[in-house]
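The values are calculated or read from the model by the stated rules, or taken from the named source; none is laboratory data. As the structure is a computational prediction, the values presented were derived from the model and not from experiment. Cβ sites come from the backbone with ideal geometry, for glycine too, and all protein chains shown count toward neighbours.
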Amino acid sequence: PLRLYILDVTELPDPVLPQLQGLLSPDVPAAGLLVVGNKVDLLPADSPGHLARLREQVVTACGQAGLHHGAPLVDVRLAGLHHGAPLVDVRLVSAKTGFGLEGLISRLQRSWKCAGDVYLLGATNSGKSTLFNTLLHSDYCKTHAPDVINRATVSSWPGTTLNLLKFPIINPTCDRIFRRQERLKEEATKTEDQLSSEEKKHLNRLKKQGYLVGRVGRTFQRQKSRSMVEFDPDMLSYSIDEDPAHTPKRHEKREEFTHNEVKDARWCFDTPGIIKEKCVLNLLTEKEVKMVLPTQAIIPRTFILKPGMVLFLAALGRVDYLQGEKPAWFSVIASNQLPVHITTLSKADAIYAKHAGQEFLKVPMGGEERMKEFPQLVPQDITLKGIGTTEAVADIKLSSAGWVAVTAPVDSELLLRAYTPQGTALVVRQPPLLPYISAIRGARIAGTPAYRTKKPPSLVENLETVRRR
């Protein structure tokens, strides 16, 4: 089998990746591991080439987890003879908006073909089920399968995918690959004006959801047979004294695979998510999880803070600027639904005690009773040295609630104290994921430490851009 490990790029360093080789059975020969960095649509482009930089960070994370590039996919049938599975490729995609998926499908079809089954693996909320559903309605799946297979359950609640869902992989013959490439070439020459009204509507909806959008189509369509209209002529005629007779509804025949469709099939499996340890999402209710997990393009929020000021991210995280020579910029990358509040060190504890569990800080929600069972915030001191007013020195990752990118003047030393709920992981990420994120901001709001937010435009990858004069 080939294993596709779905990794949420916003979660780097991925908490499950270092455990992955231990979680996979050594008794099952594996052809390889292909790592798919998902949710790139949520992150704004902070500079040219940001995707190449993101991919490099995923590759580095794989290397730190003991996964290294091994045999290419064309030779993977021999790779199972060796201990472990080589890292065969790293791809960046958005399972939700379709960005990068046609390229992933082409990669699999050209190199992997139908050599074995494919398993989608990953932590909870990494987007496995969304990817499964998108692939189900793509050229990677046999054309009849979507009519037979129930769509995978997509939920923010861990452990929703309880059954091992699967679909049969289409055999990428030379003819099919050629026809698919012809379709992709033709679609890449289209402009948005040439799309149908329905396609435009769908595209505009995706643009609102993410910064990077792709159009996933189908080359091969199932030919549906024309159904015969059956009727009883005696039932259509009745006298004025009679009520029309109601024919009982016939039970619709359930779609099934034929023997020939599955006898030699290779399958793509969706699997239940691996629960992340030390994750703040494990402490939250389903309603709270939906607020914390970003579902729309993240709009960065930047603040300029002086020593003695405090930043709250809901009631899930806090960053205190204790000591420093100069003001510094703190850019919050988190769900747009989570509030950010700035206060002073002297007021911070009182604000948390008063507003945690209330609407002001939003998450957690449920008032005093909810906060009695919620773990207290615990601190961790962090020392950073600035590298310039345009480039962040590090990200302070507040478990899975989001992160704060810190930008400070060259050689400016900062003493910070960051807080997350007890039992969750606080990570200082260096280098930062989006080092130039503080540049994505509007004008300073007078009388406040905040800047106006700015949302960069969305990009559609497989659509011709019309240059307007």
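Among the residues of the stretch 160-207, what is the count of those that are over 15 Å from Glu102 (Cα atoms), in contact with a Cys (Cβ under 7 Å, 6 or more places away or on another chain) and part of a loop (DSSP other than H, G, I, E, B)? Qualifying residue count, the stretch 160-207: 1.
Across the stretch 20-52, the qualifying residues are those that are assigned to a helix (DSSP H, G or I) and in contact (Cβ under 8 Å) with a residue 40 or more places away in the chain, and the one among them that is surrounded by the most Cβ atoms within 10 Å (Cβ to Cβ) is Asp41.
May I ask you to list the residues in the stretch 182-200 that are of a type in the set (D, E, K, R) and surrounded by 14 or more Cβ atoms within 10 Å (Cβ to Cβ)?
Arg183, Glu187, Lys190, Glu192, Glu199
Within the stretch 299-326, the set of residues being touching a Gly at 6+ places or on another chain (Cβ under 8 Å) and crowded, with 21+ Cβ neighbours inside 10 Å comprises Leu313, Ala315, Gly317, Tyr321.
When Ala348, Ala265, Ala353 are checked against the criterion of being over 17 Å from Leu426 (Cα atoms), over 28 Å from the mean Cα position of the chain (by Cα) and outside the structural domain of Ser399 (by the TED database), a single residue qualifies: Ala265. Do you know which residues across the stretch 102-146 are assigned to a helix (DSSP H, G or I), closer than 20 Å to Lys185 by Cα and in contact with a Lys or Arg (Cβ under 9 Å, 6 or more places away or on another chain)? Across the stretch 102-146, the qualifying residues are Glu102, Gly103, Leu104, Ile105, Ser106, Arg107, Gln109. Scanning the stretch 428-468 for residues that are surrounded by 18 or more Cβ atoms within 10 Å (Cβ to Cβ) and part of a strand (DSSP E or B) yields Val428, Tyr451, Val460.
Go through the residues of the stretch 140-154 one by one and say whether even a single one is touching an Asp or Glu at 6+ places or on another chain (Cβ under 8 Å) and either of a type in the set (Ser, Thr, Tyr) or modelled with pLDDT of 90 or more (or both). No; the residues of the stretch 140-154 include none that is touching an Asp or Glu at 6+ places or on another chain (Cβ under 8 Å) and either of a type in the set (Ser, Thr, Tyr) or modelled with pLDDT of 90 or more (or both).
For Glu368, the conditions (1) at pLDDT below 95; (2) at positive phi; (3) of a type outside the set (Phe, Trp, Tyr) are fulfilled apart from (2).
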